[in-house]
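Undergrad: The structure's right below; bear with me while I get my questions together.
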Amino acid sequence: MPAPAVPWWARASSLLAPVLLIGGWTVAAALQQGGFDPVQGTISALAALDASDRWVMTVAIAGTGVCHVITALGLRPAAPAGRVLLALGGAATLLVAALPLPSQDGGSVPHGISAFVAFALLSAWPLVAWRRGTTRPWGLRPTVSIAAGLVLVGLLVLLGVALRAGSAVGLTERVAAGAQALWPAIVIASVPRRHVPGS
């Protein structure tokens, strides 16, 4: 019997990543004493050292990073360069969790660098993950993969604009991070359950 093109554990991790991230910021925001503005407040603020129940968002961010690494290991139909960038993006996400903001309104250079690297890698990986061939999964065909990468990079640029303007930062960040977390699951959903000869 042919081996699965993507093992079950990679399929599971790709589905768990957006559940952890989106569920994490939803629950963490609800737990904030005095309320939380998801349009303006960032994901990182929910894991800041002075946040209420900061462990919720910290675990969610770290878990998302681990899921990306696991997904990259199992995403065999993708080009190696794309898998490497996805795994490194997951590792950088782990650093984001390990280097929290000192306060919800404060900044941190190590945290900021880790977040930038994570966002950049998780936006760029589809640009180099594609493979040619009509038997390739549609999520890894050049047109689809490159288009997805350009959309993710575009969302990252919008986040940069929002940060400079100081407006709707939280909402823009959630759209970008949510799309980054969902794309690996969409790609894996396009991969047949069993290996197709010639793919």
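The values are calculated or read from the model by the stated rules, or taken from the named source; none is laboratory data. Everything quoted here is computed from the prediction, not taken from an experiment. With ideal geometry, Cβ positions are generated from the backbone for all residues, glycine too; neighbour counts draw on all protein chains shown. To get the accessible areas, we keep the full protein, side chains included, count just its heavy atoms, and leave off ligands, DNA and RNA. Shrake-Rupley method; radii C 1.70, N 1.55, O 1.52, S 1.80 Å.
Undergrad: Quick one: would you say GLY89 is over 11 Å from the mean Cα position of the chain (by Cα), within 24 Å of TRP138 (Cα to Cα) and in a helix (DSSP H, G or I)?
TA: No; evaluated as a whole, the condition is false for this residue.
Undergrad: A follow-up question, please. Do the conditions hold for ILE61, that is, is it within 13 Å of the chain's Cα centre (by Cα), farther than 17 Å from LEU152 by Cα and at pLDDT 95 or above?
TA: The answer is yes for ILE61.
Undergrad: Considering each residue of segment 15-66, count those that are within 16 Å of VAL169 (Cα to Cα), touching an Asp or Glu at 6+ places or on another chain (Cβ under 7 Å) and not polar (S, T, N, Q), and give that number.
TA: 1
Undergrad: Six or more apart or on different chains, Cβ under 7 Å: which pairs go from a residue in segment 40-51 that's on the phi > 0 side of the Ramachandran plot to one that's buried (at least 24 other Cβ atoms within 10 Å of the Cβ)? Could you list them?
TA: none
Undergrad: Here's something else I'd like to know. Within the group ALA97, ALA91, which residue is at pLDDT 95 or above and either open to solvent by 30 Å² or more (accessible area, probe 1.4 Å) or β-branched (Val, Ile, Thr) (or both)?
TA: None of the other options fit; the residue is ALA91.
Undergrad: Can you confirm whether VAL151 is open to solvent by less than 30 Å² (accessible area, probe 1.4 Å), within 20 Å of GLY82 (Cβ to Cβ) and not polar (S, T, N, Q)? Full working, then the answer.
TA: Details: open to solvent by less than 30 Å² (accessible area, probe 1.4 Å): no; within 20 Å of GLY82 (Cβ to Cβ): yes; not polar (S, T, N, Q): yes.
So VAL151 does not fit the description; no.
Undergrad: Something else now. Quickly run through segment 119-145 and pick out the residues that are more than 17 Å from the chain's Cα centre (by Cα) and closer than 16 Å to ALA179 by Cα. Walk me through it before giving the result.
TA: The initial filter retains those residues of segment 119-145 that are more than 17 Å from the chain's Cα centre (by Cα), namely 130-138, 140-144.
Matches in segment 119-145: VAL144 only.
Undergrad: Here is a follow-up. Can you give me the number of residues within segment 171-184 that are more than 30 Å from VAL6 (Cβ to Cβ) and either at pLDDT below 95 or touching a Leu at 6+ places or on another chain (Cβ under 8 Å) (or both)?
TA: Residues flagged as more than 30 Å from VAL6 (Cβ to Cβ) and either at pLDDT below 95 or touching a Leu at 6+ places or on another chain (Cβ under 8 Å) (or both) within segment 171-184 amount to 1.
Undergrad: GLN40 versus (1) assigned to a helix (DSSP H, G or I); (2) closer than 25 Å to ALA165 by Cβ: which is the lone unmet condition?
TA: Only one criterion in (1) assigned to a helix (DSSP H, G or I); (2) closer than 25 Å to ALA165 by Cβ is unmet by GLN40, namely (1).
Undergrad: On to the next question. Yes or no: VAL187 at pLDDT 95 or above, in a helix (DSSP H, G or I) and open to solvent by less than 40 Å² (accessible area, probe 1.4 Å)?
TA: Values: at pLDDT 95 or above: yes; in a helix (DSSP H, G or I): yes; open to solvent by less than 40 Å² (accessible area, probe 1.4 Å): yes.
Yes, satisfied.
Undergrad: Identify all residues within segment 54-86 that are touching a residue at least 12 places away in the same chain (Cβ under 8 Å) and open to solvent by 70 Å² or more (accessible area, probe 1.4 Å); write none if there are none.
TA: VAL59, LEU73, ARG76, VAL84
Undergrad: Something else about it: In this structure, is THR134 β-branched (Val, Ile, Thr), open to solvent by 10 Å² or more (accessible area, probe 1.4 Å) and at pLDDT 95 or above?
TA: no
Undergrad: Take PRO102 and tell me if it is more than 13 Å from the chain's Cα centre (by Cα) and open to solvent by less than 60 Å² (accessible area, probe 1.4 Å).
TA: On the way: more than 13 Å from the chain's Cα centre (by Cα): yes; open to solvent by less than 60 Å² (accessible area, probe 1.4 Å): no.
Spelling it out, it is not the case that PRO102 is more than 13 Å from the chain's Cα centre (by Cα) and open to solvent by less than 60 Å² (accessible area, probe 1.4 Å).
Undergrad: Among the numbered criteria (1) without any contact (Cβ under 8 Å) to a residue 40 or more places away in the chain; (2) aliphatic (A, V, I, L, M); (3) open to solvent by less than 30 Å² (accessible area, probe 1.4 Å), which one does LEU158 miss?
TA: So LEU158 meets the others, but not (3).
Undergrad: So ALA30 ticks every box in (1) in a helix (DSSP H, G or I); (2) under 19 Å from the mean Cα position of the chain (by Cα); (3) not hydroxyl-bearing (Ser, Thr, Tyr) but one. Which box is left unticked?
TA: Failing condition for ALA30: (2).
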